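This report concerns only the one structure given below.
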Amino acid sequence: EVQLVETGGGLVQPGRSLKLSCVASGFTFNNYWMSWTRQAPGKGLEWVASITNSGGSTYYPDSVKGRFTISRDNAQNTLYLQMNSLRSEDTATYYCTRGMAYWGQGTLVTVSS
Amino acid sequence: DVVMTQTPVSLSVSLGGQTSISCRSSQSLVHSDGNTYLYWYLQKPGQSPQLLIYKVSNRFSGVPDRFSGSGSGTDFTLKISRVEPEDLGVYYCYQGTHYPWTFGGGTKLELK
């Protein structure tokens, strides 16, 4: 069974950094692209970042490009999202996904002073 | 960016009834590899989104055949027949053809 478990969310001040993790199990991690998608409270879904199975290429929308970095450790079956220069509009539940098909339960990031 | 427009924003349906949701994209979703990366998701209250349909018309693992997807180019439809209580929630369409990948605004399905 595919399982994706996100951790690392919490309350952070504007301008600070936070790193999310997603531990994957139930499939061969290094065979799949992985992504992060977020959902602001009461709002819709927004794709945040993707990484190829080898980690050699990454993709971002303009809203986070230059501030967020997606990475992976295939030996540890773990996906990461390093978030820098956080803004109030980054407040959201962040979901880890495998190929946009399987989703974790999400971790809430609140950016507030 | 590709804008995904879902209609209606909300929908009331009777149990056992049938309904459909429309999703239109601002440009063709046919990828250079020939595939059309149009997906449909359902987000039940308090839960993560779950994939229903991928590449326009393919039901994901475990999705009942009451759900069907159709369309091409820029115009897509999700049909739900014999609506059951567990079908209630917010439906999203999504395109993974053009960067940045984008979602529709959502359609809330409620009981009449």
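A short reminder: the numbers here are calculations on the coordinates, not readings from a lab. Please read all numbers here as calculations on a predicted model, not as lab measurements. Please note: Cβ atoms are built from the backbone with ideal geometry, for glycine as well, and neighbour counts cover all protein chains shown.
Residue exposure proxy: A:47, A:33, ordered by other Cβ atoms within 10 angstrom of their Cβ from fewest to most, comes out as A:33, A:47. For the stretch A:23-39, backbone phi angles converted through the Karplus equation (6.51, -1.76, 1.60; θ = phi - 60°) give residue-by-residue couplings of 8, 9, 8, x, 7, 7, 3, 6, 8, 10, 4, 10, 9, 10, 9, 10, 9 Hz, Gly and Pro being listed as x.
For the stretch B:55-63, 3J(HN,Hα) computed residue by residue from phi via the Karplus equation (6.51, -1.76, 1.60; θ = phi - 60°) reads 6, 6, 9, 9, 6, 6, 3, x, 7 Hz, glycine and proline entered as x. The mean number of Cβ atoms from other chains found within 10 Å of a Cβ in peptide B:9-19 is 0, as a whole number. In chain A, the DSSP beta bridges split such that about 90 percent are antiparallel, to the nearest 5. Relative to one another, the C-alpha centroids of the stretch B:10-31 and the stretch A:1-68 are positioned 27 Å apart. Counting only Cβ charges, +1 for Lys and Arg and -1 for Asp and Glu, the dipole size of chain B around its Cα centre is about 180 debye.
Each peptide in B:26-34, A:82-90 was scored by the mean count of other Cβ atoms within 10 Å over its residues; highest first, the order is A:82-90, B:26-34. Available extension along the chain between residue A:31 and residue A:54 is 7.5 nm, counting 0.36 nm per residue and deducting the alpha carbon span.
By the rule of a C-alpha distance below 28 Å, with chain neighbours fewer than 8 residues away ignored, the lysines paired with residue A:19 are A:43, A:65, B:44. In this Cβ point-charge picture (+1 for Lys and Arg, -1 for Asp and Glu), chain A has a dipole of about 200 debye about its Cα centre. When only Cα pairs below 8 angstrom with a gap of at least 6 residues are kept, the stretch B:58-112 shows a relative contact order of 23 percent.
Determine, from the Cβ-Cβ distance of residue B:5 and residue A:77 and an R0 of 45 Å, the FRET efficiency 1/(1 + (r/R0)^6), rounded to the nearest 0.05. Once rounded, the FRET efficiency stands at 0.75.
Applied to the stretch A:40-48, the Karplus parametrisation 6.51 cos²θ - 1.76 cosθ + 1.60 on θ = phi - 60° returns per-residue 3J(HN,Hα) values of 5, x, x, 10, x, 9, 9, 5, 10 Hz, with x for Gly and Pro. Using only side-chain charges placed at the Cβ, +1 for Lys and Arg and -1 for Asp and Glu, the dipole size of the protein assembly as shown relative to its Cα centre rounds to 140 debye. Only Cα pairs under 8 Å and 6+ residues apart enter the sum, and on that basis the relative contact order of the stretch A:1-77 stands at 23 percent.
Straight-line cross-link partners of residue B:55 among the aspartates and glutamates, defined as a Cα under 15 Å from its Cα and at least 8 positions apart when in the same chain: B:33, B:75. Peptide A:104-113 has a mean shielding of 1, counted as Cβ atoms of other protein chains within 10 Å of each residue's Cβ.
Across peptide B:92-105, the average count of Cβ atoms from other chains found within 10 Å of a residue's Cβ is 4.
Distant-in-sequence amide contacts of residue B:52, defined by a placed amide H-H separation under 5 Å and a gap of 5 or more residues or a different chain, comprise B:40, B:41, B:42.
How high is the relative contact order of the stretch B:1-77, given as a whole-number percent (alpha carbon pairs under 8 Å, six or more residues apart)?
This gives 27 percent for the stretch B:1-77.
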